[in-house]
Amino acid sequence: MTEPLLDRRGLLRTAVGAGVAGGLGLALPQAATASIVDTSAATLAGPAGFPTYQYIGTPFAKASLRYNPTNELIFPCVRGMYDKIASPLARYYLYYAPHDAPGGICLAYGNSLGGRFTEYPNNPIISNNWSPHYSVSHVSSPHIIWNPDNRQFYLYFHGENTTTRMAWSTDGVHFTYHGRVLHTGVIPGATETSYARVFEHAVPGLGNKYVMIFMGVTNGTRKIFWAWSSTGKNWQFDPTPLVSPGPDGQSDVSGPTLVKRNGTAYVVYHGNSGNMFITEVGNSFDREVHLGVFHRPLAGAPDNGRSAAPSFGTDGGVEYMFYEAGQRSRSTIAVARAV
């Protein structure tokens, strides 16, 4: 169920922020070494004091996966589990998915940045058919959060591209379906609403606990929108785009994530050029200050001119960026480290 539309520009005058997700980690293949880095892609530091990120490897060999129906992987989301549940499969869980039909929400796990991630043997953990709740062509774009109040994980995923759904779990592996949390009807004229990420953050004056940022397609153009919720289940949506592609010289933007630095909030996302961009939205989400290119993809493998859907984490004081690397229908999950 959704809640009434409200106007962001008139309503929001109070502070909001979302930190780079802590407690994340990724295990890299032993073969992932600096010798495969194209340093030409890391010549410029990121704007607003963010670091330059340099590719260091992939979490697993895509060709060796048991579940890989379309030879494409997108939308990584990594979470530390060691401080949330007893006896996890490993310290860190990595969620990802194919996009093209049938898709499927997948899981891999690993203990440190120095070793491989292991594919969960029963992938997908959520498929495109979940009777009696839905039967769709595909499910994809997983994003998971931890609710410490009820000790549950909330997993958001889309399928079809018009609908974002939520399921909950106590172990991060086995899920119970909740329902739809986002659909095209909440944004006037929208034909797609997907690629949602959710962050815990209370906005003073709204009575919320969570914020959501997602891609919406209106007038044939992909833009970034946002919403807020007190439960993570029922949402209020702003019909005004938070970030539009024009100021970046793009026709479409997507795959957003929320980060904070310098006492303010930013959205990092990818554009149709293959670059990632960054825009300051301010602590009240009432700004749209485009700061330019955040990260440039490698010309060669695995990026092949496209990097997208970033997910950030810090481990041992070092900042990492997990991202979708490569052109659509051939993409994989890659990792870059702050330099």
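Filtering the stretch 258-281 down to residues that are buried (at least 17 other Cβ atoms within 10 Å of the Cβ) and among the small types (G, A, S), which residue is nearest to L242 (Cα to Cα)?
Taking the candidates together, the pick is A265.
Of G19, G49, G57, G25, which residue is closer than 17 Å to E319 by Cβ, open to solvent by 30 Å² or more (accessible area, probe 1.4 Å), under 20 Å from the mean Cα position of the chain (by Cα) and at pLDDT below 95?
After applying the criteria, what remains is G19.
Taking the stretch 61-73 only, how many residues are touching a residue at least 60 places away in the same chain (Cβ under 8 Å) and in contact with a Lys or Arg (Cβ under 8 Å, 6 or more places away or on another chain)?
3
Quick one: in the stretch 221-241, which of the residues that are part of a loop (DSSP other than H, G, I, E, B) and touching a Ser or Thr at 6+ places or on another chain (Cβ under 8 Å) is farthest from Y269 (Cα to Cα)?
Restricting to residues being part of a loop (DSSP other than H, G, I, E, B) and touching a Ser or Thr at 6+ places or on another chain (Cβ under 8 Å), the top hit is N234.
Show the residue pairs that are 6+ apart or on different chains and have beta-carbon atoms under 7 Å apart, the first residue being within the stretch 104-117 and open to solvent by less than 50 Å² (accessible area, probe 1.4 Å), the second being among the basic types (K, R) and modelled with pLDDT under 85.
G110/R116
Looking at A97, A90, A101, which one is open to solvent by less than 30 Å² (accessible area, probe 1.4 Å), out of contact with any helix residue (DSSP H, G or I) (no Cβ under 8 Å at 6 or more places or on another chain) and modelled with pLDDT of 95 or more?
After ruling out the rest, the residue left standing is A97.
Quick one: G316 ticks every box in (1) at positive phi; (2) modelled with pLDDT of 95 or more; (3) open to solvent by 50 Å² or more (accessible area, probe 1.4 Å); (4) not aromatic (F, W, Y) bar one, so which box is it?
(2)
Considering only residues that are polar (S, T, N, Q) and in contact (Cβ under 8 Å) with a residue 60 or more places away in the chain, which ones fall in the stretch 252-308?
The answer is T257, N262, T264, N283, S284.
Select from the stretch 194-220 the residues that are within 26 Å of P245 (Cβ to Cβ), part of a loop (DSSP other than H, G, I, E, B) and not small (G, A, S) and list them in ascending order.
The answer is H201, V203, N219.
Would you check if there is a residue in the stretch 175-198 being open to solvent by 10 Å² or more (accessible area, probe 1.4 Å), farther than 18 Å from F157 by Cβ and among the basic types (K, R)?
No, the stretch 175-198 contains no residue that is open to solvent by 10 Å² or more (accessible area, probe 1.4 Å), farther than 18 Å from F157 by Cβ and among the basic types (K, R).
The values are calculated or read from the model by the stated rules, or taken from the named source; none is laboratory data. Values in this document were obtained by computation on a predicted structure and should not be read as measured data. A quick note on method: Cβ atoms are made from the backbone with ideal geometry, for glycine too, and the neighbour counts reach across all protein chains shown. The accessibility values were calculated without ligands, DNA or RNA, using every heavy atom of the protein model including side chains. Shrake-Rupley method; radii C 1.70, N 1.55, O 1.52, S 1.80 Å.
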